[in-house]
1. I'd like the residue in segment 5-32 that is loosely packed, with under 12 Cβ neighbours inside 10 Å and not small (G, A, S) and, out of all such residues, is modelled with the highest pLDDT.
2. Search segment 115-170 for residues being surrounded by fewer than 10 Cβ atoms within 10 Å (Cβ to Cβ) and of a type in the set (F, W, Y), and hand back the single one that is farthest from E63 (Cα to Cα).
3. Taking segment 33-61 as the region of interest, how many residues are among the hydroxyl-bearing types (S, T, Y), at pLDDT below 95 and more than 12 Å from the chain's Cα centre (by Cα)?
4. Quick one: is F111 modelled with pLDDT of 80 or more, over 22 Å from S25 (Cβ atoms) and among the hydrophobic types (A, V, I, L, M, F, W, C)?
5. In segment 62-91, what count of residues is obtained for those that are modelled with pLDDT of 70 or more and farther than 14 Å from L5 by Cα?
6. N96 - would you say it is at pLDDT below 85, touching a Gly at 6+ places or on another chain (Cβ under 8 Å) and in the same structural domain as I34 (by TED's automatic domain parsing)?
7. For segment 132-144, state whether one or more residues are outside the structural domain of F61 (by TED's automatic domain parsing), assigned to a helix (DSSP H, G or I), in contact with a Pro (Cβ under 8 Å, 6 or more places away or on another chain) and of a type outside the set (S, T, Y).
8. Just to be sure, is S139 modelled with pLDDT of 85 or more, small (G, A, S) and under 26 Å from the mean Cα position of the chain (by Cα)?
Amino acid sequence: MLQRLRKLLDILGNETRCRILDLVSAQPRFISEISRELEIGQQAILRHLEELEKFGLLTSFEEEDTSERKRKGRKRKYYEISPNANYQIFINIDKNDLIFDLRTPEPPDHFEKLKEIEEKIQDARNTPFGLRKLEMYQSLVRQLEEEIAELDRARSHAIRLLEKLKSEFE
């Protein structure tokens with residue numbers, strides 16, 4: 001476990017890998033797109049992508065064959081944040097011991113999260129109009145946008161898995 005924690009910290013300690021993670025967190029990207037955006041050569045980007053994918057922070061997929069977008073040559077390979085890339089690091093330091101713990105938390109229960117947000121919305125409705133109410137609404141909007149983005153990533157991943165499964169039986 002300590003070896004895995006060291007590897008994660010090594011990966012996240014690299015500025016280029018962090019920039020790649022930030023870039024693909026918005027939407028899936030292909031190698032030349034990442035290279036152009038970060039102004040780093042494709043070979044270097046490829047090495048970083050392989051490292052991130054090997055550790056499980058990224059997943060990759062090839063573009064879909066659609067009638068509207070037929071390309072000559074190889075399909076583009078896209079990279080995105082892995083739906084399983086969810087880690088919690090706990091560090092406990094005292095004078096006698098140093099404890100590191102790396103955990104992968106349980107997958108979120110989206111309905112439970114939405115129920116909590118819904119309860120907060122009711123609290124916000126009951127708050128007198130003013131700065132506090134505005135801050136509550138802004139926070140709730142951010143929470144809902146994050147939840148929607150997470151659900152969109154999960155949906156995209158599920159669609160790709162479905163298409164992959166269907167293509168195996170065609």
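1. E15
2. For segment 115-170, the residue satisfying everything is F129.
3. Here the count works out to 1.
4. yes
5. 13
6. no
7. No: segment 132-144 contains no residue that is outside the structural domain of F61 (by TED's automatic domain parsing), assigned to a helix (DSSP H, G or I), in contact with a Pro (Cβ under 8 Å, 6 or more places away or on another chain) and of a type outside the set (S, T, Y).
8. yes
The values are calculated or read from the model by the stated rules, or taken from the named source; none is laboratory data. The structure displayed is predicted, hence computed values, not measured ones. Here Cβ is always computed from backbone atoms with ideal geometry, including for glycine, and neighbour counts include all displayed protein chains.
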